Amino acid sequence: MDNNYRDRQQKSYTLMRMIYDLTMAVLLLGMAMVMLFPQYFKLQSFMDIDKSFRYMFGAICVLYGGFRLYRGVKKDY
């Protein structure tokens, strides 16, 4: 009985972490697209930010978003 509860608890935790990782990946990759390509979204306030900062922050968001996507798909918790 205790083993069944532990298994359900572990599956629930894994599902929650997977959903969290995938959601964060989508948000981070979306932010990267906004930072790297603001002209396509017609966002003047983002185009006014220094280009080197935008590209650096966008690259960091792509890398970390890719990592979160990989971890969410792999589901090895």
**Prompt:** Within the range 1-19, how many residues turn out to be surrounded by 13 or more Cβ atoms within 10 Å (Cβ to Cβ) and either farther than 24 Å from residue 75 by Cα or not charged (D, E, K, R) (or both)?
**Reply:** 2
**Asked** Can you name the number of the only condition in (1) under 22 Å from residue 70 (Cα atoms); (2) out of contact with any Phe, Trp or Tyr (no Cβ under 8 Å at 6 or more places or on another chain); (3) surrounded by fewer than 12 Cβ atoms within 10 Å (Cβ to Cβ) that residue 53 fails?
**Response** (1)
**Fill in**
Result of the Cβ filter at 7 Å on the range 1-28, keeping first residues that are touching a residue at least 60 places away in the same chain (Cβ under 8 Å) and partners that are open to solvent by 100 Å² or more (accessible area, probe 1.4 Å) and part of a loop (DSSP other than H, G, I, E, B), at least 6 apart or interchain, is 14/75
**Prompt:** How many residues are out of contact with any Phe, Trp or Tyr (no Cβ under 9 Å at 6 or more places or on another chain) and either open to solvent by less than 50 Å² (accessible area, probe 1.4 Å) or not aliphatic (A, V, I, L, M) (or both) if we restrict to the range 56-67?
**Reply:** 7
**Prompt:** Out of the range 32-48, which residues are exposed (fewer than 13 other Cβ atoms within 10 Å of the Cβ) and among the β-branched types (Val, Ile, Thr)?
**Reply:** none
**Request:** May I ask you to verify whether residue 29 is within 15 Å of the chain's Cα centre (by Cα) and either within 26 Å of residue 63 (Cβ to Cβ) or surrounded by 12 or more Cβ atoms within 10 Å (Cβ to Cβ) (or both)?
**Result:** yes
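The values are calculated or read from the model by the stated rules, or taken from the named source; none is laboratory data. Note that the structure is a prediction, hence the values are computed from the model and not measured. Using ideal geometry, Cβ is built from the backbone for each residue, glycine included, and neighbour counts are taken over all protein chains shown. Calculation scope for accessible area: heavy atoms of the full protein, side chains included, ligands and nucleic acids excluded. Shrake-Rupley method; radii C 1.70, N 1.55, O 1.52, S 1.80 Å.
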